[in-house]
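To keep things clear, I will list the structure first and then write my remarks on it.
The values are calculated or read from the model by the stated rules, or taken from the named source; none is laboratory data. Just so we're clear, the structure is a prediction, and the values are computed from it rather than from any experiment. No Cβ is skipped: glycine too gets one built from the backbone with ideal geometry, and neighbour counts run over all protein chains shown.
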Amino acid sequence: MGDTLKTLLMIAWLLPLFGFAVEILWGPRGDRRTTRWPAWMAVACIGSGFLCSLSALLIWGSGTDWAVLQSHDSHDAGHAAPSDTHHEGVEPQEHPAHESAQQNPIRPTAPVRANDAARWHLTTAADGHASDAHQNAHTAAGHTDSPSDSAASSHGQVPLVYHGTIYRLAAFGSLILSIDYYIDSLTLVMFTMVTLIATCIHLFAIGYMSDELTDEYVDHFVHTSDGGHLHRQGRFYRFFAFLSLFCFSMLGLVLAGNIFQVFIFWELVGICSYLLIGFYTERHSASTAANKAFIMNRVGDFGFLIGLMVIWTWFGTFQFSDLFASLPRDDAGRVVTGEYGEVALALPDGSSKQIPYTLLVVAGLGVFAGCIGKSAQFPLQTWLPDAMEGPTPVSALVHSATMVAAGVYLTGRFYPMFVPEVLLVIAYIGAVTLFLAATIAVVATDIKKVLAYSTISQLGYMVLGLGVFGWAAGLFHLITHAFFKSLMFLCSGSVIHGCHHEQEMTRMGGLRHRMPITAFTMLVGVIAIAGLSIPGLIAFSGYHSKDAIVATALAFIQANPGHFLLFLLPLLTAGITAFYMFRLWFMTFAGEPRDAHVYDHAHESPWIMTLPLLILAPLAAFCATGGEDGLLYRLLAGSEPNYVAAGVSSTASGLTLPGHHAIHEVHSTAGTWALVAAIAGTLLAWVLYGTKAVRVEDMKRQMAGLHRFLTHKWYFDELYDALFVQPVHQVARFFAWIDRTLIDGIVHFAARLTVLASRWDRLFDELFIDGLVNLVGRATFSVGRSFHVVQTGRLRQYVMFIVVGVVALFAVLFTTFPR
Amino acid sequence: MQPSLSGYLLIGAVLFTCGVVCMATRRNAIGVLMGVELVLNGANVNLVAFSRYTTLGIDGQIYSLFIIVLAAAEAALALAIALNFYNNHLTIDVDKASSLKG
């Protein structure tokens with residue numbers, strides 16, 4: 001099975017890269033700017049990728065009977081005998097590091113539940129040997145437990161993971177850089193989700209970007225100096241090339257089997273995001289937004305790098321499997337610390353090493369800092385709303401469904417490395433973010449900005465969920481959110497397309513008559529994100545996933561009452577979420593048209609744009625059907641780190657992390673509260689925007705201060721401007737002054753000195769050297785001049801000269817040498 | 001009676017002096033040429049005389065043969081120059097041939 005999965009996922013991963021190469025190389029050739037083939041090429045690549053991912057998921061599902069872990073029975077069983085519950089070592093994988101999947105023998109190191117063929121762990125991914133592995137598992141001496149003990153435990157199961165090395169890039173001493181894969185159900189679900197959403201968005205983009213299919217594109221947002229608009233060639237092919245590159249990077253990030261590989265693809269998705277935000281590169285707002293996104297991500301990535309350094313220095317490996325196996329946890333899931341707070345790592349080469357506990361915190365916080373940047377969490381959340389400058393399909397794919405969720409994904413993937421203190425920080429970051437972003441979304445009037453803030457807020461939910469020990473809950477929300485948020489972004493794209501690039505909701509209204517499909521699918525998404533449901537009858541996906549998070553938060557604050565904000569904020573925000581989402585829908589689609597011009601020209605989008613909406617709408621509504629008994633949740637929970645299910649009580653810092661049972665107990669309470677909040681928010685939105693009972697303008701005037709505070713996004717941009725940008729400008733100005741006065745002064749002084757010296761030099765040259773040469777010349781000339789009188793041209797005279805000369809010569813000879 | 005060396009030398013000197021005077025005084029180019037011939041033959045007489053009266057051997061006679069050939073060649077050249085000069089200036093007065101003066 002492992003080999004099959006690996007092959008399928010690698011095909012799905014590499015196809016977009018192939019598509020990218022073809023599109024970027026052949027796209028701009030000749031007069032092909034008006035053809036659609038790059039788009040269909042991209043669709044074919046990502047669509048085939050989706051089919052591969054889906055078949056991989058189906059293979060996985062049929063291999064594991066779809067029932068991986070934790071049904072409600074097992075909650076109860078686990079709770080009934082907590083003392084008997086034996087947790088295996090967190091990490092089933094044993095060292096040494098697996099250099100190559102092909103070279104390693106099969107070593108099932110974890111015990112296997114006798115009645116469940118799916119619960120073995122393979123250190124290799126050799127499909128043909130799976131059954132051998134199963135048999136071996138019974139005979140092999142378990143490292144931590146015996147099979148029978150394990151069977152008694154309902155929580156001690158080891159998640160099924162296939163991992164190995166695809167290609168070894170380089171080895172620097174003991175540091176091995178390789179392309180690895182790490183396939184568990186989370187990987188598969190992410191692959192299927194990303195490829196499916198990406199396919200829909202590619203299709204949508206064919207319609208949305210069709211005005212780029214020209215040799216003479218007029219950008220009405222760019223004003224040239226002569227008062228006209230910018231004319232340029234269409235960039236249809238480039239858009240799809242970038243999308244393909246992004247898909248490749250995102251899938252690589254998900255498939256990555258070591259943290260360094262994650263970092264590489266992390267940066268790749270970052271650069272794709274940069275390229276796509278700045279797609280309309282001539283627009284000043286777009287290029288600055290792209291810069292802002294890239295630079296703010298660098299801030300987070302700096303932390304990521306620090307985390308990587310700590311990990312490399314102390315663990316000596318980047319491989320997930322080795323890292324997770326290195327960190328010792330006791331039976332209750334606590335990280336084992338020594339007398340002085342040190343942790344004895346069991347390194348993959350078999351040796352042991354003491355690491356200060358603080359450094360584990362630093363490593364965790366460092367990696368999470370990268371997640372903060374990528375997932376636009378507080379305090380690095382300000383780049384995401386600006387990123388809406390990119391084309392709407394980009395916002396849907398990159399900035400709501402996939403790339404920004406990569407931070408949450410990494411938090412989930414790297415979960416075993418996070419110690420409770422780090423988890424608490426994660427939870428608070430999430431809580432602050434979700435509240436802050438939701439409040440800003442309430443006053444935003446740009447339809448995409450509302451969705452952007454909503455995205456930040458929902459990402460905050462996921463981060464909070466992970467922080468309060470709801471591993472599966474957070475990632476559950478990641479998947480459901482990806483579906484309904486991409487749906488809503490595409491709907492907003494359809495609206496923007498239909499209204500001829502009008503994004504202000506204050507100029508919309510009543511559009512449901514003009515674009516019924518968009519309005520209906522948008523309503524599905526809004527209900528899904530708001531978390532509305534009729535209990536016991538029907539519930540959309542957001543209800544289930546948000547409930548799971550809120551319930552986890554409630555269980556967490558019951559165990560740790562001091563952190564009550566972690567429950568209060570998400571509960572309050574559940575209401576705010578419902579409010580601003582319905583506000584968006586009412587302002588856009590309901591009521592009277594606010595701007596006759598926009599309304600008159602509005603039209604429903606072509607089928608290629610509405611088709612993805614119709615595909616995504618049922619998924620957004622029903623992908624989580626069944627809630628925590630449903631297929632999606634069970635699939636995800638199958639990859640949950642095995643100590644999570646039982647919870648961890650009284651860690652060193654006094655935190656108690658709730659287990660599944662504790663969460664399940666409060667689930668209905670939390671669900672009721674969240675539903676009440678959501679309904680309240682919905683009603684409020686209906687009263688304010690659906691009816692004319694209250695005049696919103698009056699309220700805005702009454703709460704002008706609050707409104708201004710929120711429309712300025714809590715003054716974060718201004719704060720960062722004052723804290724970072726202005727000081728940098730001041731320092732730069734100071735150094736510019738030093739440059740101009742001191743450095744330039746020295747340079748100018750030296751220059752003047754040189755000029756002076758050369759002037760003297762020139763004088764010397766002209767007077768003395770040239771004088772001497774001229775003197776010689778003049779003397780020669782005057783001598784020659786004086787001799788010319790003797791050359792008379794008279795032959796006889798010459799003869800006389802000769803005679804006289806000879807006579808004189810003889811005379812001289814005879815007088816000088818007498819006989 | 002064997003004539004003495006001095007007699008030959010005297011004849012050579014007289015010929016030479018006559019040639020030089022002729023060259024210095026004649027304005028006619030042909031005259032000048034004749035002066036040149038006199039000078040050359042004066043020298044020839046000297047060479048042959050020395051060859052006969054001293055122990056130098058036959059060298060002087062060979063040398064004088066060379067000079068005779070040289071004189072013939074020189075006469076041919078000079079006459080060609082004179083002819084050309086006449087063609088151009090309708091005169092062979094060497095005093096008129098002064099266009100190369102400094």
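Determine whether A:Ser244 is surrounded by fewer than 24 Cβ atoms within 10 Å (Cβ to Cβ) and either touching a helix residue (DSSP H, G or I) at 6+ places or on another chain (Cβ under 7 Å) or modelled with pLDDT under 90 (or both). Before the answer, list the steps.
Values: surrounded by fewer than 24 Cβ atoms within 10 Å (Cβ to Cβ): no; either touching a helix residue (DSSP H, G or I) at 6+ places or on another chain (Cβ under 7 Å) or modelled with pLDDT under 90 (or both): yes.
No.
If we scan the stretch B:86-99, do we find a residue that is farther than 19 Å from A:Ile802 by Cα, buried (at least 17 other Cβ atoms within 10 Å of the Cβ) and in contact (Cβ under 8 Å) with a residue 24 or more places away in the chain?
Pass one, the stretch B:86-99, residues farther than 19 Å from A:Ile802 by Cα: B:86-93, B:96, B:99.
Keeping just the survivors that are buried (at least 17 other Cβ atoms within 10 Å of the Cβ) gives B:92.
Right, trim to in contact (Cβ under 8 Å) with a residue 24 or more places away in the chain and you get B:92.
Yes: the stretch B:86-99 contains one or more residues that are farther than 19 Å from A:Ile802 by Cα, buried (at least 17 other Cβ atoms within 10 Å of the Cβ) and in contact (Cβ under 8 Å) with a residue 24 or more places away in the chain.
Output the qualifying pairs, or none if there are none: Cβ atoms under 7 angstrom, residues six or more apart or on different chains, first residue in the stretch A:249-271 and more than 11 Å from A:Lys374 (Cβ to Cβ), second residue charged (D, E, K, R).
Pairs that qualify, where the first residue is more than 11 Å from A:Lys374 (Cβ to Cβ) and the partner is charged (D, E, K, R), are A:Ala256/A:Asp180; A:Gly257/A:Asp180; A:Asn258/A:Asp180; A:Gln261/A:Asp180.
If you check A:Thr816 against the conditions, is it modelled with pLDDT of 95 or more and among the hydroxyl-bearing types (Ser, Thr, Tyr)? Talk me through it step by step, then tell me what you get.
Working: modelled with pLDDT of 95 or more: no; among the hydroxyl-bearing types (Ser, Thr, Tyr): yes.
No; evaluated as a whole, the condition is false for this residue.
Could you list, in sequence order, the residues of the stretch A:308-345 that are under 25 Å from the mean Cα position of the chain (by Cα) and closer than 19 Å to A:Gly370 by Cβ?
First pass over the stretch A:308-345, keeping only residues under 25 Å from the mean Cα position of the chain (by Cα): A:308-312, A:317-324.
The answer is A:Leu308, A:Met309, A:Val310, A:Ile311, A:Trp312, A:Thr317, A:Phe318, A:Gln319, A:Phe320, A:Leu323, A:Phe324.
Please determine whether any residue of the stretch A:185-203 is crowded, with 17+ Cβ neighbours inside 10 Å, assigned to a helix (DSSP H, G or I) and among the small types (Gly, Ala, Ser). Break it down into steps so the answer makes sense when it comes.
First, pick out the residues of the stretch A:185-203 that are crowded, with 17+ Cβ neighbours inside 10 Å: A:185-203.
Among the residues that remain, those that are also assigned to a helix (DSSP H, G or I) are: A:185-203.
Remaining after also requiring among the small types (Gly, Ala, Ser): A:185, A:198.
Within the stretch A:185-203 (the criterion being crowded, with 17+ Cβ neighbours inside 10 Å, assigned to a helix (DSSP H, G or I) and among the small types (Gly, Ala, Ser)), the answer is yes, since at least one residue qualifies.
Just wondering, is there one or more residues in the stretch A:455-468 that are within 26 Å of A:Gly671 (Cβ to Cβ) and not in a helix (DSSP H, G or I)?
To start, the set of residues in the stretch A:455-468 that are within 26 Å of A:Gly671 (Cβ to Cβ) comprises A:455-468.
Remaining after also requiring not in a helix (DSSP H, G or I): A:468.
So far as the stretch A:455-468 goes, yes, one or more of its residues are within 26 Å of A:Gly671 (Cβ to Cβ) and not in a helix (DSSP H, G or I).
Within the stretch B:88-102, work out how many residues are hydrophobic (A, V, I, L, M, F, W, C) and away from chain A (no Cβ under 14 Å). Spell out how you get there, then give the answer.
Looking only at the stretch B:88-102, we keep the residues that are hydrophobic (A, V, I, L, M, F, W, C), and these are B:90, B:92, B:94, B:97, B:100.
Adding the requirement that they be away from chain A (no Cβ under 14 Å) leaves B:90.
Of the residues in the stretch B:88-102, 1 are hydrophobic (A, V, I, L, M, F, W, C) and away from chain A (no Cβ under 14 Å).
Restricting to the stretch A:577-606, count the residues that are in a helix (DSSP H, G or I) and crowded, with 22+ Cβ neighbours inside 10 Å.
Going through the stretch A:577-606, the residues in a helix (DSSP H, G or I) turn out to be A:577-589, A:596-601.
Applying the additional criterion that residues be crowded, with 22+ Cβ neighbours inside 10 Å yields A:577-585, A:587-589.
Of the residues in the stretch A:577-606, 12 are in a helix (DSSP H, G or I) and crowded, with 22+ Cβ neighbours inside 10 Å.
Would you check if there is a residue in the stretch A:483-497 being surrounded by fewer than 24 Cβ atoms within 10 Å (Cβ to Cβ) and in contact with a helix residue (DSSP H, G or I) (Cβ under 8 Å, 6 or more places away or on another chain)?
So in the stretch A:483-497, the residues surrounded by fewer than 24 Cβ atoms within 10 Å (Cβ to Cβ) come out as A:496.
Adding the requirement that they be in contact with a helix residue (DSSP H, G or I) (Cβ under 8 Å, 6 or more places away or on another chain) leaves A:496.
Yes, the stretch A:483-497 contains at least one residue that is surrounded by fewer than 24 Cβ atoms within 10 Å (Cβ to Cβ) and in contact with a helix residue (DSSP H, G or I) (Cβ under 8 Å, 6 or more places away or on another chain).
Within the set of pairs 6+ apart or on separate chains, which have a first residue in the stretch B:26-40 that is closer than 18 Å to B:Tyr86 by Cβ, a second that is surrounded by fewer than 20 Cβ atoms within 10 Å (Cβ to Cβ) and among the small types (Gly, Ala, Ser), and C-beta atoms under 6 Å apart?
The qualifying pairs are B:Ala29/B:Ala82; B:Leu33/B:Ala78.
Residues that are more than 14 Å from chain B (Cβ to nearest Cβ), surrounded by 12 or more Cβ atoms within 10 Å (Cβ to Cβ) and touching a residue at least 24 places away in the same chain (Cβ under 8 Å): find the helices (runs of 4 or more DSSP H) completely inside the stretch A:700-818 holding 2 or more of those.
Details: elements: A:704-711, A:716-720, A:726-738, A:744-764, A:770-787, A:795-816.
Ranges flagged: A:704-711, A:716-720.
Considering the stretch A:306-326 alone, what residues qualify as being of a type in the set (Ser, Thr, Tyr) and part of a helix (DSSP H, G or I)?
Taking the stretch A:306-326 and keeping what is of a type in the set (Ser, Thr, Tyr), we get A:313, A:317, A:321, A:326.
Of everything in the stretch A:306-326, those that are of a type in the set (Ser, Thr, Tyr) and part of a helix (DSSP H, G or I) turn out to be A:Thr313, A:Ser321, A:Ser326.
If you check B:Leu65 against the conditions, is it over 21 Å from A:Tyr798 (Cβ atoms), touching a residue at least 40 places away in the same chain (Cβ under 8 Å) and away from chain A (no Cβ under 12 Å)? Show your work before the answer.
Values: over 21 Å from A:Tyr798 (Cβ atoms): yes; touching a residue at least 40 places away in the same chain (Cβ under 8 Å): no; away from chain A (no Cβ under 12 Å): yes.
The answer is no for B:Leu65.
Restrict the check to the stretch B:78-87 and report whether at least one residue is of a type in the set (Ser, Thr, Tyr) and either within 13 Å of the chain's Cα centre (by Cα) or within 14 Å of chain A (Cβ to nearest Cβ) (or both). Walk me through it before giving the result.
The initial filter retains those residues of the stretch B:78-87 that are of a type in the set (Ser, Thr, Tyr), namely B:86.
Cutting the leftovers down to either within 13 Å of the chain's Cα centre (by Cα) or within 14 Å of chain A (Cβ to nearest Cβ) (or both) gives us none.
No: the stretch B:78-87 contains no residue that is of a type in the set (Ser, Thr, Tyr) and either within 13 Å of the chain's Cα centre (by Cα) or within 14 Å of chain A (Cβ to nearest Cβ) (or both).
Would you say B:Ala49 is at pLDDT 90 or above, more than 24 Å from A:Gln797 (Cα to Cα) and within 12 Å of the chain's Cα centre (by Cα)?
On the way: at pLDDT 90 or above: yes; more than 24 Å from A:Gln797 (Cα to Cα): yes; within 12 Å of the chain's Cα centre (by Cα): no.
So B:Ala49 does not fit the description; no.
Identify the single condition in (1) within 17 Å of the chain's Cα centre (by Cα); (2) β-branched (Val, Ile, Thr); (3) closer than 24 Å to A:Met800 by Cβ; (4) more than 12 Å from chain A (Cβ to nearest Cβ) that B:Val39 does not satisfy, given that it satisfies every other one.
(4)
What is the one condition in (1) under 25 Å from A:Gly793 (Cβ atoms); (2) more than 13 Å from every other protein chain (Cβ to nearest Cβ) that B:Leu5 does not satisfy?
Here B:Leu5 clears every test but (1).
Determine whether the stretch B:18-31 contains at least one residue that is away from every other protein chain (no Cβ under 14 Å), of a type in the set (A, V, I, L, M) and in contact with a Gly (Cβ under 6 Å, 6 or more places away or on another chain).
no
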